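These notes concern the structure reproduced below.
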Amino acid sequence: MIFSTDQTALARRALEWAVRLTGTDSGFFASGPTILAIHGMSRDEAEQMKALAGSGDRQRTVPLGGRPPRTAIVVGLPASEASIVLVGGPFTPVFGSDEQAWLQQYASLVATGLERVRLVEQVTARTRELESANRELEAFSYTISHDLRAPLRAINGFTSILLEEYAATLPEDARGYLQRVKDNGDHMGNLVDDLLAFSRLGRQTLRTQTVRTRDAVDRALTQLAPETEGRNIEIIIGDLPDCKVDPLLLEQVFINLLSNAIKYSGKRENARVEVGAQPGRDDEGPVFFVRDNGAGFDMAYADKLFGVFQRLHRSQDYEGTGVGLAIVHRIVERHGGRIWAEAKVDQGATFYFTLKGAEEWQVPTAA
Amino acid sequence: MASPDGRVDILMVEDNPNDEELTLHELRKYHLANTVQVVRDGQEALEYIFCTGRYADRDVNEHPHVILLDIKLPFIDGLEVLRRVKQDPRTRTIPVVMLTSSREERDLIESYRLGVNSYIVKPVDFDQFKESARTLGMYWLLLNKPPKAA
């Protein structure tokens, strides 16, 4: 009974048991001003007697008079504003201290049940709120996806037509300005796409399986091949343990980290990028790392590293939208892992991450 | 823009005049835009395809080679237009290409469920956009042999 999930059902059952326990013949269950259950009397009668309820968590006996005389036993439920009022007819046995003790124990059981119901109701309400917030967010990113991209396409499209087909009739500085419009349009397009990718990450279900980490690194490097072309860059891949993760997301982690490593080591004569793994704490499995000897960053800003649209370099020096590491952070987090970095200005950066708990992690699905 | 004998190669269902102009611009460049019929919303698209309302005197067996269909349209959306085209035996064989801004997986899945022939996300990048417009026109008008209407 005390595991009931709804208040009214709990009140009804609690009242029935209390009536049996005390040998009374009627009663009601009130929570604050609300009568949740009635037994053996009319709602009017219960409403009239409601004043008896809700005064403290002690048990008391109230003579009601009448002929034959009737008696009410008011049982307050500890730590709540609810009480059970039991009304006995002429044959109600007189209560002894044993019966009173039982009734008191029973009252605290019911109170526990009531508290539980309240918590369940609270969780249900919160879940409903969360689900609706999620749906709103989804509608919002849908709108961004469609409505923000359309005007961008027009800006970029018509600027491109001007640049490609009317370039000959335009003065040089006009062409320069048009190029700036186009570059900014392209940049904004990337921002919108990255932001969408980021928001989609929170919603999509993890499809975990055992993955050869080395394969994920190799696929990431294949994708990044255009960025290393024509550069003197040494890429060292150490021994990498397998892991249980969503393979596409793991690949995304390596794409983003390696792409950063390649980008920020771009001004090095002999660029060096290293991927490896080392033993970690007992409870979180191996620590993977991606290291470069590039521009690094000031550790004073390390806390901003994984925020969306946060950049620690000027866009004149290194291009980017500031979403890549936020995506990596979210993926690692969703796999139950941690990510952190060590760096020094002009002496390279190392990003470490763990992927513990991938098996246990479950996405809450919206109903 | 239909040819003198009333034949239409491409039926373009697009409510955004910018996207329309950009697509036509590319199709024109490759001489693929001779007979493009543009309609602005899902309602008009259905009237055109099924020869009702404003297009009552058209012959329903006179199919466009391909329908380029935006998803987000006024009145009746692209998915509904797609559903009706693919449900009707008279129009089922017309190739339909979804051309949309939406990158949402659910739109893509729903489109394929309804029997779309191709699904293209309109790129923000104009070079990519040109490329899609061009290959699209080439593929569906020049290379693809549509089956004879049932």
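The values are calculated or read from the model by the stated rules, or taken from the named source; none is laboratory data. Given the structure is predicted, the values throughout are model-derived calculations rather than measurements. Methodologically, a virtual Cβ is constructed for each residue, glycine included, from the backbone with ideal geometry; neighbour enumeration extends over all protein chains shown. Quick note on the areas: whole protein, heavy atoms, side chains included, nothing else; ligands and nucleic acids left out. Shrake-Rupley method; radii C 1.70, N 1.55, O 1.52, S 1.80 Å.
Say whether the condition of being at the interface with chain B (Cβ under 9 Å from one of its Cβ atoms), modelled with pLDDT under 90, assigned to a helix (DSSP H, G or I) and surrounded by 15 or more Cβ atoms within 10 Å (Cβ to Cβ) is met by at least one residue in segment A:228-240.
Just the residues of segment A:228-240 that are at the interface with chain B (Cβ under 9 Å from one of its Cβ atoms), to begin with: none.
No, that holds for no residue.
Condition test on A:E269, is it under 25 Å from A:I237 (Cβ atoms) and open to solvent by less than 60 Å² (accessible area, probe 1.4 Å)?
Working: under 25 Å from A:I237 (Cβ atoms): yes; open to solvent by less than 60 Å² (accessible area, probe 1.4 Å): no.
When the stated conditions are applied, A:E269 does not pass them.
Looking at B:L99, is it of a type in the set (A, V, I, L, M, F, W, C), away from chain A (no Cβ under 13 Å) and under 30 Å from A:F198 (Cα atoms)?
Values: of a type in the set (A, V, I, L, M, F, W, C): yes; away from chain A (no Cβ under 13 Å): no; under 30 Å from A:F198 (Cα atoms): yes.
In short, no.
Identify, please: which residue in segment A:198-227 is open to solvent by 80 Å² or more (accessible area, probe 1.4 Å) and part of a helix (DSSP H, G or I) and is, among those, nearest to the other protein chains (Cβ to nearest Cβ)? The qualifying residue nearest to the other protein chains (Cβ to nearest Cβ) is A:P226. The requirement of being within 14 Å of chain A (Cβ to nearest Cβ) and either open to solvent by less than 30 Å² (accessible area, probe 1.4 Å) or over 30 Å from A:F140 (Cα atoms) (or both) is satisfied by B:L22. Tell me, yes or no, whether segment B:54-71 has at least one residue that is within 14 Å of chain A (Cβ to nearest Cβ), open to solvent by 30 Å² or more (accessible area, probe 1.4 Å) and within 18 Å of B:S101 (Cβ to Cβ). Within segment B:54-71, none of the residues are within 14 Å of chain A (Cβ to nearest Cβ), open to solvent by 30 Å² or more (accessible area, probe 1.4 Å) and within 18 Å of B:S101 (Cβ to Cβ).
For (1) among the charged types (D, E, K, R); (2) over 30 Å from A:D183 (Cβ atoms), each residue gets a yes or a no:
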| residue | (1), (2) |
| --- | --- |
| A:L258 | no, no |
| A:A261 | no, no |
| A:Q278 | no, yes |
| A:F288 | no, yes |
| A:V308 | no, no |
| A:G320 | no, no |
| A:E333 | yes, yes |
| A:G336 | no, yes |
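Of the numbered conditions (1) among the aliphatic types (A, V, I, L, M); (2) at pLDDT 90 or above; (3) under 23 Å from B:F126 (Cα atoms); (4) in contact with a Gly (Cβ under 9 Å, 6 or more places away or on another chain), A:A174 satisfies every one except a single condition; which is it? For A:A174, the failing item is (4).
Quick one: which of A:L152, A:L163, A:L170 is at the interface with chain B (Cβ under 8 Å from one of its Cβ atoms), hydrophobic (A, V, I, L, M, F, W, C) and open to solvent by less than 70 Å² (accessible area, probe 1.4 Å)? Steps first, please.
Details: A:L163 fails: at the interface with chain B (Cβ under 8 Å from one of its Cβ atoms); A:L170 fails: at the interface with chain B (Cβ under 8 Å from one of its Cβ atoms).
Every option except A:L152 fails the conditions.
Quick check on B:I76: is it away from chain A (no Cβ under 14 Å), touching a residue at least 24 places away in the same chain (Cβ under 8 Å), surrounded by 15 or more Cβ atoms within 10 Å (Cβ to Cβ) and part of a loop (DSSP other than H, G, I, E, B)?
Details: away from chain A (no Cβ under 14 Å): yes; touching a residue at least 24 places away in the same chain (Cβ under 8 Å): yes; surrounded by 15 or more Cβ atoms within 10 Å (Cβ to Cβ): yes; part of a loop (DSSP other than H, G, I, E, B): yes.
Yes: the conditions hold for B:I76.
Counting just the residues of segment A:123-152 that are without any contact (Cβ under 8 Å) to a residue 24 or more places away in the chain and touching an Asp or Glu at 6+ places or on another chain (Cβ under 8 Å), which one comes out nearest to B:A133 (Cα to Cα)? Selected residue: A:A150. Scanning segment A:241-262 for residues that are in contact with a strand residue (DSSP E or B) (Cβ under 9 Å, 6 or more places away or on another chain) and farther than 22 Å from A:G285 by Cα, we see that the one that is surrounded by the most Cβ atoms within 10 Å (Cβ to Cβ) is A:A261. Note on segment A:267-297: residues that are outside any strand (DSSP E or B) and either more than 12 Å from A:T213 (Cβ to Cβ) or modelled with pLDDT of 85 or more (or both) total 16. Against the list (1) open to solvent by 20 Å² or more (accessible area, probe 1.4 Å); (2) within 13 Å of B:L11 (Cβ to Cβ), the condition B:S118 fails is (2). Of all residues in segment B:25-36, those satisfying the criterion of being surrounded by 18 or more Cβ atoms within 10 Å (Cβ to Cβ) and away from chain A (no Cβ under 14 Å) are B:L32, B:A33, B:T35, B:V36.
Scan segment A:181-197 and tell me whether some residue there is more than 10 Å from every other protein chain (Cβ to nearest Cβ), without any contact (Cβ under 8 Å) to a residue 60 or more places away in the chain and outside any helix (DSSP H, G or I). No, segment A:181-197 contains no residue that is more than 10 Å from every other protein chain (Cβ to nearest Cβ), without any contact (Cβ under 8 Å) to a residue 60 or more places away in the chain and outside any helix (DSSP H, G or I). Apart from one condition, B:I49 fits all of (1) in contact (Cβ under 8 Å) with a residue 40 or more places away in the chain; (2) closer than 30 Å to A:A139 by Cα; the exception is (2).
For beta carbons closer than 6 Å, sequence separation of 6+ or different chains, a first residue in segment A:322-347 that is of a type outside the set (A, V, I, L, M) and a second that is assigned to a strand (DSSP E or B), the qualifying pairs are A:H329/A:I339; A:H335/A:V245; A:G337/A:F353; A:W340/A:Y352; A:E342/A:T350. Is it the case that segment A:308-328 has a residue that's modelled with pLDDT of 85 or more, within 23 Å of A:R200 (Cα to Cα), open to solvent by 20 Å² or more (accessible area, probe 1.4 Å) and in a helix (DSSP H, G or I)? Scanning segment A:308-328, I find at least one residue that is modelled with pLDDT of 85 or more, within 23 Å of A:R200 (Cα to Cα), open to solvent by 20 Å² or more (accessible area, probe 1.4 Å) and in a helix (DSSP H, G or I), so the answer is yes. Take the conditions (1) modelled with pLDDT under 85; (2) surrounded by fewer than 19 Cβ atoms within 10 Å (Cβ to Cβ); (3) part of a loop (DSSP other than H, G, I, E, B); (4) more than 42 Å from the chain's Cα centre (by Cα); A:M41 misses just one of them, which is (1). Condition check for A:E333 on (1) of a type outside the set (G, A, S); (2) part of a helix (DSSP H, G or I); (3) touching a Phe, Trp or Tyr at 6+ places or on another chain (Cβ under 8 Å): one failure, at (3). Selection within segment A:121-149: residues that are away from chain B (no Cβ under 11 Å), open to solvent by 60 Å² or more (accessible area, probe 1.4 Å) and of a type in the set (A, V, I, L, M, F, W, C). The member of this set that is farthest from A:L201 (Cα to Cα) is A:V123.
Suppose the filter is open to solvent by 50 Å² or more (accessible area, probe 1.4 Å), in contact (Cβ under 8 Å) with a residue 24 or more places away in the chain and under 16 Å from B:G42 (Cα atoms); does B:R83 pass it? So B:R83 passes the test.
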